[in-house]
1. For segment 78-132 and segment 27-71, what is the centre-to-centre distance using only Cα atoms, to the nearest Å?
2. Which of the peptides 43-53, 162-172, 120-130 is most tightly packed, and how do the rest follow, going by the mean number of other Cβ atoms within 10 Å of each residue?
3. Tell me, what is a quarter of the convex hull surface for the C-alpha atoms of segment 123-175, in nm² with one decimal?
4. Can you send over the carbon and sulfur percentage of the accessible area for segment 25-149, probe radius 1.4 Å, protein chains only?
5. What ranking of 34, 186 comes out by heavy-atom accessible area, probe 1.4 Å, highest first?
Amino acid sequence: MSSEALADGFPDLSGHRIARQAHWGRWLTAAIIIIIILAIGRAFARGQIEWSFVERFIAAPVILRGIVNTMIMAVAAMALGIALGVVVAIMRLSPNPVLRSVAAGYTWLFRGTPLILQLLLWFNLALVFPTIGIPGLWSARAVELMTPFLAALLGLGINQGAYTSEVMRAGLLSVDIGQYEAAQAIGMGRLQALRRIIPPQAMRVVIPPLGNEFIGLVKATSLASVIQYPEVLHSAENIYYANSRVIELLIVAGLWYLLVVSILTPLQMLLERRFARGIARSR
């Protein structure tokens, strides 16, 4: 046995230099990405863009009102979507076949049709139902009742409810069946257990996709511009219809969307961390 060999038969490698692996593929990929980014930046810098208009309108009052309307609509539609999503998720898990069928049909209908189509249908509801109300108690003309705000709220909120219901259902299914059995053992009914025992445990599964859904909904509010709801994109459109600075105003709207998403993303992470406390995670 040589002097470099250990007693167990393995060679002594302590004196050898560790060779660093050259990751040429990584460097090549990074170089290609940098070149693409520089090319895009050069195109914007040399394009027919008047950046002074971007600076001028980035904080214009009409744009600021648009971003406020965007957030109001996103929060209101998400609240409606969560309320509908919880109810539909519980119906999907119900032993009653009628409730399951209704919930499945709702999810199929509103996930299967484009959101912009649903917005247009709500906005033009007066063509189908000239009056809306309760016979003998209250009625109103649909053309007056279905304002851009209400049409956008119903379109975005009900559509969001179809997606949120699947998120909620996944969260409820993630809770161990033993928790339901334990709730029944202490005298709780099914609905009481769903209200007090199951949701806190399901939240750690629900929060990440629900946060993504809300961020997506903020951007989806831009579709409400087709029914004249004055969110940020519609406000930008009104300006560039007057001054023909299309790309500049679209950049303004895009920067505001990026800012809102950049604020919401870390808030989502904090919320996820809050509900993940006490859960062991392998790294």
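The values are calculated or read from the model by the stated rules, or taken from the named source; none is laboratory data. Please read these numbers as outputs of a predicted model, since none were measured by experiment. Heads up, the Cβs are rebuilt from the backbone with ideal geometry, glycines too, and the neighbour counts pull from every protein chain shown. With ligands, DNA and RNA removed, areas are computed over all heavy atoms of the protein, side chains included. Shrake-Rupley method; radii C 1.70, N 1.55, O 1.52, S 1.80 Å.
1. Each part's Cα centre sits 37 Å from the other's.
2. 162-172, 120-130, 43-53
3. Numbers: hull surface 20.9 nm².
About 5.2 nm², averaged over all directions.
4. On the way: 6190 of 8430 Å².
Its accessible area is 73 percent carbon and sulfur atoms.
5. Working: 34 95, 186 125 Å².
If we order 34, 186 from most to least accessible, we get 186, 34.
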